[in-house]
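K.L.:
Following this message is one structure expressed as structure tokens.
Computed from the coordinates by the stated procedures, all read-outs in this text should not be read as laboratory data. Quantities reported herein were computed from a predicted structural model and do not represent experimental measurements. Glycine gets a Cβ as well: all are built from the backbone with ideal geometry, and neighbour counts include every protein chain shown.
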Amino acid sequence: MKHFLFATSRKIIRSVIYLMVGGLLTLLTVFILYLEKRPDLNIWHEAELDAEFTTKSQVTDFRQYLELEEKLFQQLEERVYARVAPKDRHNLNRFNHGSMSDPTRWPRNWNRTFELTRESPKAGVLLLHGMSDSPYSLRSLGLSLHEAGATVIGLRVPGHGTTPSGLVEMRWQDMAAAVKLAVNYLHKEINGQPLYIIGYSNGSALAVHYALSTLDDPQEPKPDGLVLVSPAIGVTPLAALAVWQARLGHLLGLDKLAWNAIEVEYDPYKYNSFAVNAGDQVYRLTSEIQKLLKQNMDAGRLQQLPPILAFQSVVDTTVSASALVSGLFEKLPASGHELVFFDINRINEAARFFNNDPKPYLDRMLYDKELLYTLTLVANENGASRKVDFLRKEAGTNVVDAAPLDLAWPQGIHSLAHVSLPFRESDPLYGANSSEENPGIHLGDVALQGERGVLRVSADAMLRLRWNPFYSYLEQSVQNFVGL
């Protein structure tokens with residue numbers, strides 16, 4: 001009887017294992033078939049531009065980086081623009097010369113590294129854009145800081161500004177190496193004046209990584225401050241698993257699996273398609289930041305980290321607002337750091353429709369405990385008004401001061417978004433209204449109506465806020481921080 005029960009149990013366990021494996025294989029097959037039914041890859045998803053900078057490039061200074069970038073854009077012209085199929089030469093393809101989305105229509109192609117110099121600069125500022133973005137994303141801040149007296153460099157980070165295929169093979173180490181070249185060059189150009197790094201999204205992660213990696217290196221220039229806008233400090237751990245999708249595609253010869261999104265490329269200064277590798281590299285970079293934080297904390301060097309000013313929307317589907325607190329600010333010693341949160345719009349009519357209200361979390365930070373950093377919250381003055389106050393809690397105190405900001409939520413906007421913070425309302429591409437400065441497509445107020453699911457451009461993408469109604473506050477805060 002015992003032998004019979006043992007044998008029966010083994011058969012049952014074996015059957016369950018077979019069923020589980022079979023079920024997993026079935027799900028995997030369905031998943032692959034679903035991904036393969038997406039639109040076909042185009043030349044801009046597959047082009048190989050081997051003039052892109054990597055850590056293996058024979059480049060030792062920033063001027064050589066720019067020379068290589070010139071060759072890269074020549075390759076872009078020859079290997080992509082010149083080979084676009086006739087069916088794709090339409091008016092909303094950024095890779096079709098003369099289209100409304102063609103970045104070369106603009107007086108300056110903001111996909112490329114730009115340098116705004118001053119003969120006697122008051123400061124030097126390095127701008128680092130986000131993943132899949134271009135130097136355009138921090139263009140407004142760069143222009144205003146230059147006008148105020150700073151020499152400004154807007155770095156085109158490797159893999160960006162050309163074709164989405166640049167995201168498939170690039171590594172975070174390539175981006176970090178380019179940042180180091182730019183910082184060293186800017187340090188020499190400003191003749192001992194203060195040096196600041198401003199990063200947006202993944203650019204913030206690169207800024208923090210540079211500052212942490214140089215704390216124990218006396219040879220590298222040290223920034224005098226960091227400004228972080230929608231910083232990518234914490235991303236979901238699922239990002240670590242996503243890379244297996246691309247590896248499976250490589251193993252099976254299915255190139256589409258290397259992509260999270262295969263989209264129409266209608267934005268002149270941002271990729272709409274997104275490679276799996278891009279998310280994986282953000283995850284790897286943020287993981288490296290956590291290692292460096294621990295190493296420098298254990299060595300007692302975090303006190304040497306320059307002051308950090310960070311701006312973050314409390315709702316953000318791209319990066320984690322809470323991870324910015326737990327993964328960075330709560331680990332920093334008291335040293336002049338400030339975190340600015342933009343709250344959701346709390347007028348009574350809109351508040352009923354929020355999925356998850358972050359108010360309990362914000363109240364705990366504001367009122368329940370002392371913090372080692374200054375916390376500022378931009379929020380409605382009350383539940384019936386679109387006007388906003390800023391609530392400010394200085395480091396080491398429990399006192400919350402409030403003052404009007406002379407700004408208000410525009411009608412119909414319920415929150416900021418990850419992509420909106422660095423853009424002013426009058427931005428020629430992403431602002432509320434187009435302007436004479438924009439010679440082509442305007443993307444700041446797109447809401448095409450019709451049946452759902454008909455357009456390849458999702459309703460989510462069209463309705464996501466592209467500009468910041470409180471940009472003037474952000475810009476003035478940055479200028480004060482930089483000393484301009």
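K.L.:
Just to compare against my own numbers: the Cα pair-distance distribution for the stretch 301-354, 10 Å bins, whole % per bin, please.
P.N.:
Spelled out per bin, shortest first, that is 21, 41, 25, 10, 3.
K.L.:
I've got another one for you. Order of Thr376, Thr104, Thr151 from fewest to most other C-beta atoms within 10 Å?
P.N.:
Sorted ascending by nearby Cβ count, the order is Thr104, Thr376, Thr151.
K.L.:
How many angstrom lie between the Cα centre of the stretch 160-232 and the Cα centre of the stretch 125-143?
P.N.:
One Cα centre to the other: 12 Å.
K.L.:
About its Cα centre, what dipole magnitude does the chain give when the only charges are +1 on Lys and Arg Cβ and -1 on Asp and Glu Cβ, stated in debye to the nearest 20?
P.N.:
Roughly 1640 debye for the chain.
K.L.:
Give the whole-number value, in cubic angstrom per residue, of the convex hull volume spanned by the C-alpha atoms of the stretch 150-233.
P.N.:
Once divided by residue count, the hull of the stretch 150-233 is 101 Å³.
K.L.:
Once you sort the root eigenvalues of the Cα gyration tensor of the stretch 248-398 as a ≥ b ≥ c, which label holds: rounded (a/c under 1.5), prolate (a/b larger than b/c) or oblate (the other case)?
P.N.:
Cα axes put the stretch 248-398 in the oblate bin.
K.L.:
What net charge do the residues around Glu475 carry, taking every other residue with its C-beta under 13 Å from that of Glu475, with Lys and Arg at +1 and Asp and Glu at -1?
P.N.:
Net charge around Glu475: -1.
K.L.:
If you average 1/r over every pair of different alpha-carbon atoms in the stretch 71-129 and take one over that average, what Kirkwood value in Å do you get?
P.N.:
13.9 Å is the Kirkwood radius here.
K.L.:
Can you work out the FRET efficiency for the pair Leu448 and Asp50, with r the C-beta to C-beta distance and R0 = 22 Å, to the nearest 0.05?
P.N.:
For Leu448 and Asp50, the calculated efficiency is 0.05.
K.L.:
A 30 angstrom limit on the alpha carbon distance is what I want to check against. Which of Lys56/Lys331; Lys222/Lys393; Lys188/Lys393 exceed it?
P.N.:
Checking Cα-Cα distances, Lys56/Lys331; Lys188/Lys393 exceed 30 Å.
K.L.:
Next question. Be a star and scan the stretch 71-86 for residues whose amide nitrogen sits under 20 Å from the point 7 Å along the Cα-to-Cβ vector of Thr117.
P.N.:
71
K.L.:
Here's another thing I want to ask about it. At 222 nm, what helix-only mean residue ellipticity would the chain give, in deg cm²/dmol to the nearest 500, using -39500 (n - 2.57) for each DSSP H run of four or more?
P.N.:
-11000 deg cm²/dmol
K.L.:
If you average 1/r across every pair of different Cα atoms in the stretch 343-484 and take the reciprocal, what Kirkwood value do you get, in Å?
P.N.:
That comes to 17.2 Å for the stretch 343-484.
K.L.:
In nm, to one decimal, how far is the Asn191 label point from the Phe354 one, both placed 7 Å along Cα→Cβ?
P.N.:
The answer from the label model is 5.1 nm.
K.L.:
Show log10 I(q)/I(0) for the stretch 36-142 at q = 0.14, 0.19 Å⁻¹, two decimals, from a solvent-free Debye sum over equal Cα scatterers.
P.N.:
Computed log10 I(q)/I(0) values: -0.73, -1.20.
K.L.:
What shape does the chain have by the C-alpha gyration tensor, where a ≥ b ≥ c are the square roots of the eigenvalues, rounded means a/c under 1.5, and otherwise prolate means a/b greater than b/c and oblate the rest?
P.N.:
Cα axes put the chain in the rounded bin.
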